[in-house]
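K.L.:
Pasting a structure below so you can have a look.
Every number here is computed from the coordinates shown, using simple stated rules; none is lab data. Predicted model, so just to flag it, every value in this text is computed and none were measured. Here the Cβ positions follow ideal geometry from the backbone for every residue, glycine too, while neighbour counts run over all protein chains shown.
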Amino acid sequence: MADFEIGDVVEGKKFGPLEHDFSGVVEKVYTNSIMVSIQDFDPADKSGVNELNGRAVIRQKEAKMIKAVPREEKADEDDDSQDEKKAKKSKNQQKKMTNS
């Protein structure tokens, strides 16, 4: 399963009122699904897209990544915050030892 982020361009499979596959931009990411703003679709599906108000919620497993937005590294941020917490904890322990 790919990790989707807001702004990714994805392709979705036909479902419900849509008779053809479509593509669009990820607007919201849920645990196992994504909300897609439908951008490119078959003209025969125009009424179906209107019925869905131009959006569809699809399973992440069934979405195919077409173009990903640039990713920011989250692991480094987590490491930095953990290092800061450890440093603060160490300073607090040193203060306790000197005050005793």
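K.L.:
Hey, what D do you get for the stretch 1-49 in µm²/s if you plug the Kirkwood alpha-carbon radius into Stokes-Einstein at 20 °C and 1.002 mPa s? Spell out each step's value before the answer.
P.N.:
On the way: Rh = 11.2 Å.
Answer, rounded: 191 µm²/s.
K.L.:
Would you mind ranking 9, 26 by Cβ crowding within 10 Å, fewest neighbours first?
P.N.:
Details: 9 16, 26 22.
Least crowded to most crowded, the residues run 9, 26.
K.L.:
A further question on this structure: Quick one: 22, 15, 4, fewest Cβ neighbours within 10 Å first, how do they rank?
P.N.:
Working: 22 23, 15 16, 4 20.
The most exposed by this proxy come first: 15, 4, 22.
K.L.:
Around residue 18, what is the net charge, scoring Lys/Arg as +1 and Asp/Glu as -1 over all other residues with Cβ under 14 Å from its Cβ?
P.N.:
Numbers: positive: 13, 14, 46, 55; negative: 11, 19, 21, 40, 42, 45, 51, 62.
Residues close to residue 18 contribute a combined charge of -4.
K.L.:
If the chain between residue 13 and residue 28 were fully stretched, how many nm would it gain, using 0.36 nm times the residue separation less the Cα-Cα distance? Working shown, then result.
P.N.:
Numbers: separation 15, 0.36 × 15 = 5.40 nm, distance 1.78 nm.
So the chain would gain 3.6 nm between residue 13 and residue 28.
K.L.:
Excluding residue 68 itself, what net charge comes from residues whose Cβ is under 10 Å from its Cβ, given Lys and Arg +1 and Asp and Glu -1?
P.N.:
On the way: positive: 67, 71; negative: 3, 5, 8.
Counting the neighbours of residue 68, the net charge comes to -1.
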